[in-house]
Structure formats: C-alpha cells, structure tokens
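Notes for the one structure printed next.
The values are calculated or read from the model by the stated rules, or taken from the named source; none is laboratory data. Here the structure is a predicted model, which means the values were calculated and not measured. Counting neighbours? That spans all protein chains shown, and the Cβs are built from the backbone with ideal geometry, glycine included.
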Amino acid sequence: MKRFNFIQGLGLIGATSLISSSMPSSLTRGPQTPPHTQPAKSGNSKRVLRVANLTDIHIKPDKIAEYGMAAALNAVNDMKDKPDFIINGGDSIMNAAALTKGNIQNQWDTYNSILKNDNSLSVYNCLGNHDLFGWLLPSADKTENKKWALDEYQMEKRYYSFEKNKWKFIVLDSIHARESVPGYFGKLDEEQMNWLQEELKATAMETNVCIVSHIPILAICCLFDGGVLNSDHRKVSDNNMHADADALVELFYRYPNVRACLSGHIHLIDYVNYLGIEYFCNGAVAGSWWKGDHQHFAPSFSVMNFFEDGSVTREVEYYKWKV
C-alpha cells in the first residue's frame, strides 16, 4: 500500500472584506489578526485523534464493488497506526434516486452486511445525494425521502455534532431539494443554518471544530468536474459546491476555532486553504464508480490526523481494490 500526503498540495489564498459583528473581538478575526495562509503546525503538538474518512463508496450487489468496499474497510482496520473511528461522507449506495424499492434495499443490505463483517470501528455518517430515495421521481415526496437513509445509517437526525478529545465534529446535511433534475443542490436549509450558528456560538473557543459535509463547501476540484466552460469563464454548479458557500465562509471566519472542513461528492482529491480554514475534498472509495480512476484519481480513502493545537494533516490511502 502506498501512502501519499497531500498537505503540501494546492492552496488558495484569499482576502475578503472584514465582517462587522456585534460578537466580542476575542471571537473574531480582525485587522490585528489577519487570516494566516497556513495554520501553524507545532512540531511539538500532540496528536489527539486519528480518523478515517471514507466517502462515496457507491456499493451495489456486484463482485467488484463488494470486494472493493471490503478491501477498503480491511485496509483501515488493519493499519498499524489504527484510526480511532470512521467518518462516512455519504453516497454509500450506488443510487436510490429513481430505482424500485427492492433494488434500493438490496444495495443497503449489501452495504450493511459488508460493514458488519469487515469493520470493527465506530462509524459517524453523513447523508449523500445517492443515499436518498426517489429524488428523480416526479411523484416523490421530498420531505420524507431522507428517512430511509437515516434509518439505514441509524441516525437520529440528519445533522448533528459530537466531541472527541477537545475536537468538535459538526456533521451537516448538504442535500437541498429542488424539482428539476438532478433533484438536489448543495445548501443548508434555514433551520439547519440557525442550528449551526447556535452550535458554533455555544462551542468553547478552546475546542477545535471540524465541519463535515457531503457536498464541498469550498473546493477547487469543482472547476474540473461538472464545471461548465463558457468561452471566457467557468461556472461551478450548485450541485457540486454549496450555493451558500459565501454565507458559510463568512460564518466560519467569525470563529477562529473552526479549523477544517471535510467533504466528498466530487470523487476528486484537493486541498484549499482559505481565510485560515483548511478544506479537504477526500476523493471516493469507489473511484470512477468501480470502473477505475476518475480523472486520474484512483479509488481511495483518507486518514485525518487532528492535533491539540488545531492543526490537521491528511494521508491519502490508495488501497488494493481490484479482485
């Protein structure tokens, strides 16, 4: 197994207008504390968590897909430096958008069977668009379509938070419904945005924060996958990156303890540092939907190392997925 560290990968440096806020200055970045281009990584800082981020597994009853998912889980569980838990970034099944209920249940049964047989770690789940039933069916009631996936993942809520070793993980529901194909785009609904604002406000500044979403909040790879070239500019689809990215970036800017954001969805791997926050798009366990590489990125998963000083590093693991 080869291990690649992408921490020195592509970074974007940006500047935005300072945010006016009634919040105490200790909670905001201002003129005296300009956004740094790379969070400080103390060589003496203690690693407090090691987390495997598996996203876009896209399992179905199929020899290659079943072998690949099992191989990825075994690679995680057999690591000498074993992760503390797994964050599943969503799109665990191949497709629930327009198939019959029987075919969808077969996918979920395959996923849960392999997870039970080949994994011993705790798993925290995030909803993906492919997990949701009937989003391409005109007759579907989109207010109820997430319930099936929540039941299969054994999730009480579609968005939530949990804390481990002075790190808080905030898991979001990126998938916002609309009537036109493909039936969704990336955005937080008003209820969830209000909850997120209160969650960040209530989090002690000594607690570092990692945001998890299926659709990237910010990612450069969106320019190359689904980006539409119109003679003199590229357009990033709101199916590929959060439509409310501006609002989220400004919200995170108010809280210096927001350190990193993890996502999947695009099946590509990138790294963006923007206003001092590190955004990691972590590829796909399924690569090109179990057909090999997707735009040069082979099937993979990432292992994230979280440190006491708020720094984060990533190791991308290209595991042996072929039968």
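Criterion first (in contact with a Lys or Arg (Cβ under 9 Å, 6 or more places away or on another chain), modelled with pLDDT under 95 and of a type in the set (S, T, N, Q)) does ASN95 satisfy it?
The answer is yes for ASN95.
When you scan the stretch 67-74, do you find a residue that is in contact with a strand residue (DSSP E or B) (Cβ under 7 Å, 6 or more places away or on another chain), touching a residue at least 40 places away in the same chain (Cβ under 8 Å) and surrounded by fewer than 22 Cβ atoms within 10 Å (Cβ to Cβ), even just one?
No, every residue in the stretch 67-74 fails to be in contact with a strand residue (DSSP E or B) (Cβ under 7 Å, 6 or more places away or on another chain), touching a residue at least 40 places away in the same chain (Cβ under 8 Å) and surrounded by fewer than 22 Cβ atoms within 10 Å (Cβ to Cβ).
Report the residue count in the stretch 280-292 for those that are under 14 Å from ASN53 (Cβ atoms) and out of contact with any helix residue (DSSP H, G or I) (no Cβ under 9 Å at 6 or more places or on another chain).
Matching residues across the stretch 280-292 total 4.
Just one of the numbered conditions (1) farther than 25 Å from ILE93 by Cβ; (2) among the polar types (S, T, N, Q); (3) more than 16 Å from the chain's Cα centre (by Cα) is not true of SER237; which one?
Going through the list (1) farther than 25 Å from ILE93 by Cβ; (2) among the polar types (S, T, N, Q); (3) more than 16 Å from the chain's Cα centre (by Cα), SER237 breaks only (1).
Here is a yes/no grid of residues against (1) part of a helix (DSSP H, G or I); (2) in contact with a Cys (Cβ under 7 Å, 6 or more places away or on another chain); (3) aliphatic (A, V, I, L, M):
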| residue | (1), (2), (3) |
| --- | --- |
| SER180 | no, no, no |
| PHE185 | no, no, no |
| GLN192 | yes, no, no |
| GLN197 | yes, no, no |
| LYS201 | yes, no, no |
| ALA204 | no, no, yes |
| ILE211 | no, yes, yes |
| HIS214 | no, yes, no |
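Consider ILE269 carefully, then state whether it is touching a strand residue (DSSP E or B) at 6+ places or on another chain (Cβ under 7 Å), modelled with pLDDT of 95 or more and farther than 29 Å from GLU198 by Cα.
yes
So that you can scan it fast, the table gives a plain yes or no per residue for (1) farther than 15 Å from TYR255 by Cβ; (2) among the aromatic types (Phe, Trp, Tyr); (3) buried (at least 20 other Cβ atoms within 10 Å of the Cβ):
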position: MET193; (1), (2), (3): no, no, no
position: ALA202; (1), (2), (3): no, no, no
position: HIS214; (1), (2), (3): yes, no, yes
position: ILE217; (1), (2), (3): no, no, yes
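Tell me yes or no: at least one residue of the stretch 288-300 is within 15 Å of the chain's Cα centre (by Cα) and of a type in the set (Phe, Trp, Tyr).
Scanning the stretch 288-300, I find no residue that is within 15 Å of the chain's Cα centre (by Cα) and of a type in the set (Phe, Trp, Tyr), so the answer is no.
Output the residues belonging to the stretch 291-303 that are crowded, with 20+ Cβ neighbours inside 10 Å and either without any contact (Cβ under 8 Å) to a residue 24 or more places away in the chain or more than 17 Å from HIS265 (Cβ to Cβ) (or both).
Across the stretch 291-303, the qualifying residue is only VAL303.
Residues that are under 30 Å from GLU198 (Cα atoms), in contact with a His (Cβ under 9 Å, 6 or more places away or on another chain) and not acidic (Asp, Glu): find the strands (runs of 3 or more DSSP E) completely inside the stretch 60-172 holding 3 or more of those.
Passing ranges: none, list empty.
Search the stretch 249-285 for residues being outside any strand (DSSP E or B) and under 9 Å from the mean Cα position of the chain (by Cα), and hand back the single one that is surrounded by the most Cβ atoms within 10 Å (Cβ to Cβ).
Checked the stretch 249-285; the qualifying residue surrounded by the most Cβ atoms within 10 Å (Cβ to Cβ) is GLY264.
Being touching an Asp or Glu at 6+ places or on another chain (Cβ under 7 Å) and modelled with pLDDT of 95 or more is true for just one of LYS168, LYS187. Which residue is that?
LYS187
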